[in-house]
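Some notes on the structure that comes next.
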Amino acid sequence: MNCFVGSNINTFPNAVWLPPSGSQRGTLYRGIGDPETPLLPSLDYVHREFTEKQLRLTGILPNIPVTCIGYHDAQRIFERMDGEPAIWSRWSGALPVTYRLTGNNLFRMDVKTKNVHRPIKNFIAKIEGSEEPDKWVLLGNHADAWSKGSIDPGTGTSIMLEMARVLSIYSKETGWRPRRTIIFCQWDAEEFGLIGSTEWVEQSLLQLKQRAVAYINLDNFNGNMTLNIKAVPLLYRLIVDVASRQFFKFFFK
């Protein structure tokens with residue numbers, strides 16, 4: 001975003017970058033899963049090791065008000081700060097102001113946030129394998145979004161659902177089954193700290209240790225790159241080989 005500060009040419013609607021009024025959403029919680037039940041599934045009968053009050057006192061849960069702003073508003077705030085300049089390069093962006101650590105001016109911020117305990121729901125579906133049904137290949141994506149989710153997670157969700165639909169129809173019409181069991185996972189509460197997936201893993205840890213072969217995350221698809229994948233080193237060669245076969249099959253029929 002900061003690369004295009006001061007330019008209206010390279011921001012929406014002319015390009016993909018956020019305009020000055022656009023804001024990126026996120027959470028201050030830096031952990032994963034339900035912090036009240038670390039390393040255990042957050043089920044009704046599981047003992048809560050910490051209370052919300054304890055988590056806020058220790059800083060595991062944020063205990064300051066938080067709101068999202070665009071870089072236009074951020075610039076206006078920086079312009080009114082008069083403290084010591086930030087000496088670390090990683091603290092300085094591309095706004096045409098001096099990045100400072102403190103200031104004497106007071107700012108008023110009204111944040112209307114209501115923290116509640118809510119149940120979450122993951123959706124899990126599978127196509128049983130024919131030769132190694134006890135070995136799992138998992139495909140997953142989250143269902144929740146900070147706003148409308150048109151890209152994250154909408155693009156990944158649409159692809160995963162279409163894969164599930166096509167494979168299901170093909171299996172019913174032809175009797176085909178994959179060599180290994182394919183499990184489709186739709187996670188809840190990802191944006192709040194990977195909660196849905198973490199809790200499911202904690203609940204299914206023993207089975208996953210014995211059966212999981214690979215997990216493929218289909219979070220979002222964007223840009224115009226041919227292929228951009230992150231994976232553990234054990235899967236590097238496999239991904240390149242499969243992508244190469246598909247490339248030659250598509251262009252050299």
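Within the chain, antiparallel bridges make up roughly 30 percent of the DSSP beta bridges whose residues both belong there. The average projected area of the range 9-142, computed from the convex hull of its Cα atoms over all directions, is 14.7 nm². Report the Cα centroid-to-centroid distance between the range 211-236 and the range 137-181 in angstrom, as an integer. Here the answer is 14 Å between Cα centres. Two numbers describe the Cα atoms of the chain: Rg and Dmax, which are 23.0, 72 Å.
Under a Gaussian network description of the chain, with springs only between Cα atoms under 10 Å, the residue in 76, 165, 177 that fluctuates furthest is 76.
Cross-linked pairs 112/230; 114/230; 53/148; 112/148; 172/230: Cα-Cα separations exceed 28 Å for 112/230; 114/230; 53/148; 172/230.
Under 21 Å of direct C-alpha separation, and excluding same-chain neighbours fewer than eight residues apart, residue 135 reaches these lysines: 126, 209. Seen against the Cα atoms of the chain and their longest principal axis, helix 236-251 is set at about 70 degrees. Within straight-line reach of residue 121, meaning a Cα separation under 20 Å, sit the following aspartates and glutamates at least 8 residues removed in sequence or on another chain: 34, 36, 44, 144, 152, 188, 190, 191, 199, 202, 219. Relative to its Kirkwood radius, the Cα radius of gyration of the range 123-251 gives an Rg/Rh of 0.97. Relative to the dominant Cα principal axis of the chain, helix 154-174 is inclined by about 10°.
Every number here is computed from the coordinates shown, using simple stated rules; none is lab data. No experiment lies behind these values; they were computed from the predicted model shown.
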